[in-house]
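Worksheet: the structure to be examined is printed underneath.
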Amino acid sequence: MDIVVKGRKTEVPERFRKHVAEKLKLEKIQKLDGKVISLDVEVSKEPNPRQADRCDRVEITLRSRGPVIRAEAAASDPYAALDLAAEKLDARLRKQHDKRHTRRGARRLTAAEVADHVPDAATLDVNGHAVHDEEPDAVPTKKIGSLEIKGDGPLVVREKTHVASPMTLDQALYEMELVGHDFYLFIDSETKEPSVVYRRHAYDYGVIHLSTDPMVTQAQPPAAGGTLGG
């Protein structure tokens, strides 16, 4: 397995690529998770001078046969951001490793107890993506997905589509903690409907379930087209 380093709207120098290989020791990672499939490192840069103290962002994504583990951090330079993100990744890897090795003969953690092991959390928007409190200086009119953004509107959209397998509420809470988010969108294995778990105040959790309104479904007009009579 190799480490894939890529830049989003920025160039990644060879020196930094070598530093990533030295910082993220594959042997150490594989000891904690022997089923690692891929390890991706994405580097991005914020051009806004008002964000100089966190202009460089590093996101590490580890995919294995288990849950995806993600860690990200921002700092004044990419090397410092990498150090912070690597520490978060190590903490989450160890958390998953400890849970895997203590699962036999041990009871499962409740939702309230899971919060005791949270290393940190990021804030997400309605699409489940991290919000970095970035305010563009000038945004021209443009089309993003099905939305049109004009002028200096505060709306910033980053559209992604993910394939998801149905899971229980407990598993959704567990995976939310692994990626370090306050929200987690999943397909409920019981209802087969999209649901969202989220972190509330203190150590409480909430869950939102979506279901199709039968009245709206019945009110939909029939599909256009049909058989032509002869």
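The values are calculated or read from the model by the stated rules, or taken from the named source; none is laboratory data. The structure displayed is predicted, hence computed values, not measured ones. As a convention, Cβ positions derive from the backbone with ideal geometry for all residues, glycine included, and neighbour counts pool all protein chains shown. In case anyone asks, the SASA skips ligands and DNA or RNA and just uses the protein heavy atoms, side chains included. Shrake-Rupley method; radii C 1.70, N 1.55, O 1.52, S 1.80 Å.
Quick notes
- Taking the range 31-58 as the range and being more than 19 Å from the chain's Cα centre (by Cα) and exposed (fewer than 14 other Cβ atoms within 10 Å of the Cβ) as the test, the residues that pass are 31, 34, 35, 47, 48, 49, 50, 52, 53.
- Filter pass, residue 57 being touching a Ser or Thr at 6+ places or on another chain (Cβ under 8 Å) and modelled with pLDDT of 90 or more: yes
- Tally, over the range 173-192, of residues that are free of Cβ contacts under 8 Å to residues at least 60 places away in the same chain, open to solvent by less than 60 Å² (accessible area, probe 1.4 Å) and over 13 Å from the mean Cα position of the chain (by Cα): 3
- The range 7-30 - residue that is open to solvent by less than 100 Å² (accessible area, probe 1.4 Å) and either outside any helix (DSSP H, G or I) or touching a Cys at 6+ places or on another chain (Cβ under 6 Å) (or both) and, of those, nearest to residue 71 (Cα to Cα): 24
- Given (1) without any contact (Cβ under 8 Å) to a residue 12 or more places away in the chain; (2) more than 21 Å from residue 92 (Cβ to Cβ), number of the condition residue 34 does not satisfy: (2)
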